[in-house]
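A.B. asks: Here it is, the structure in full.
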Amino acid sequence: MFQNKVVVITGGAGGIGKCTAEEFRKNGAQVCVIDSAPGHHFVGDIGDQVTLEAFARQVIEQYGRVDVLVNNAPPASRGLCDCTYEQFQQALAVGVTAPFYLTKLFAPYFAQGASIINISSSRDRMSQPQTESYTAAKGGIAALTHALAVSLAGRVRVNSISPGWIDTAFTRYEGPDALQQPAGRVGDPLDIANMVLFLASDKAGFITGENICIDGGQTRLMIYHGDHGWTLNAK
């Protein structure tokens, strides 16, 4: 399906990014990964402008085009009580600025029918306490998605995915952890990778500017004290 397509994935050395890279390779793609973790890929901090420019230059020098860009690298999660100004700025740099800037750098080189898939989070619409840096970045990339879809109309389709609880170790959960989700289980990286490949394919040719939440239905479950065993332990 993606024979000889050039796919760029940020944060592709582990978790959802690694699984997605593996699935693209299985389907014949040439995959270019950037990640801060050591490995056989471009190693660097995508929160740094010079690093992004060097990575983009390497991709274009080697392949001359980009067919798919997956902005997956996650920002750090820090909260109101302990997140510094610099840490919040860094989270936005990784989670919002880098996807914007990579899109800008690759804009002249996107192939006909190219696709961008941004990985947001169900936290773009709900939160736990003390997660402001991560939540703000994920909300930002969700909004960036429809803005880019309009700016790149007719050239590149742009969509985002908002994963819920995804266990990157493919752990099988039972009991409340699984049953609290209408799908009856916790998600795994393949649940997200499968959607990335679909959105990057010609089968999704009429889909752009959309955000697709893949969370086992958890954000659709209304919770009331005393309902279905849910209780609130007020502080």
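A.B. asks: Got a sec? Which helices (runs of 4 or more DSSP H) wholly within the range 121-219 have at least 1 residues that are touching a residue at least 40 places away in the same chain (Cβ under 8 Å) and either among the hydrophobic types (A, V, I, L, M, F, W, C) or surrounded by fewer than 15 Cβ atoms within 10 Å (Cβ to Cβ) (or both)?
C.D. replies: On the way: elements: 132-151, 176-179, 189-200.
Correct list: 132-151, 189-200.
A.B. asks: If you go through the range 64-91, how many residues are crowded, with 18+ Cβ neighbours inside 10 Å and not in a strand (DSSP E or B)? Break it down stepwise before answering.
C.D. replies: Kept after step one, since they are crowded, with 18+ Cβ neighbours inside 10 Å, are these residues of the range 64-91: 66-75, 77-78, 83, 88, 90-91.
Pick out the ones that are also not in a strand (DSSP E or B) and you get 72-75, 77-78, 83, 88, 90-91.
Residues in the range 64-91 being crowded, with 18+ Cβ neighbours inside 10 Å and not in a strand (DSSP E or B): 10 in total.
A.B. asks: Which one is farthest from D215 (Cα to Cα), of the residues in the range 21-53 that are assigned to a helix (DSSP H, G or I) and in contact with a Gly (Cβ under 7 Å, 6 or more places away or on another chain)? Please lay out each step first, then the result.
C.D. replies: From the range 21-53, those assigned to a helix (DSSP H, G or I) are 21-26, 49-53; that's our starting set.
Now drop any that are not in contact with a Gly (Cβ under 7 Å, 6 or more places away or on another chain), which leaves 21, 51.
Details: A21: 21, T51: 33 Å.
Only one residue tops the list, namely T51.
A.B. asks: Identify all residues within the range 149-183 that are of a type in the set (A, V, I, L, M) and within 18 Å of the chain's Cα centre (by Cα); write none if there are none. It would help to see each step written out before you state the result.
C.D. replies: First, the residues of the range 149-183 that are of a type in the set (A, V, I, L, M): 149-150, 152-153, 156, 158, 161, 166, 169, 178-179, 183.
Correct list: A149, V156, V158, I161, I166, A169.
A.B. asks: Step by step: first the residues of the range 37-61, then only those that are within 20 Å of the chain's Cα centre (by Cα) and polar (S, T, N, Q), then the one that is surrounded by the fewest Cβ atoms within 10 Å (Cβ to Cβ). Which residue is that?
C.D. replies: Q49
A.B. asks: Can you tell me which of (1) of a type outside the set (D, E, K, R); (2) part of a helix (DSSP H, G or I); (3) surrounded by fewer than 18 Cβ atoms within 10 Å (Cβ to Cβ); (4) touching a strand residue (DSSP E or B) at 6+ places or on another chain (Cβ under 8 Å) is the one P99 doesn't meet?
C.D. replies: That leaves (3) as the condition not met.
A.B. asks: Show the residue pairs meeting these rules: Cβ distance below 6 Å; 6+ apart or different chains; first residue within the range 53-67 and over 11 Å from Y109 (Cα atoms); second residue at pLDDT 95 or above and outside any helix (DSSP H, G or I).
C.D. replies: As it stands, the answer is F55/I34; F55/F42, since those pairs meet every condition given.
The values are calculated or read from the model by the stated rules, or taken from the named source; none is laboratory data. Remember, predicted model here, so these are calculated numbers, not experimental data. FYI the Cβ positions are ideal-geometry reconstructions off the backbone, even for glycines, and counts take in every protein chain you see.
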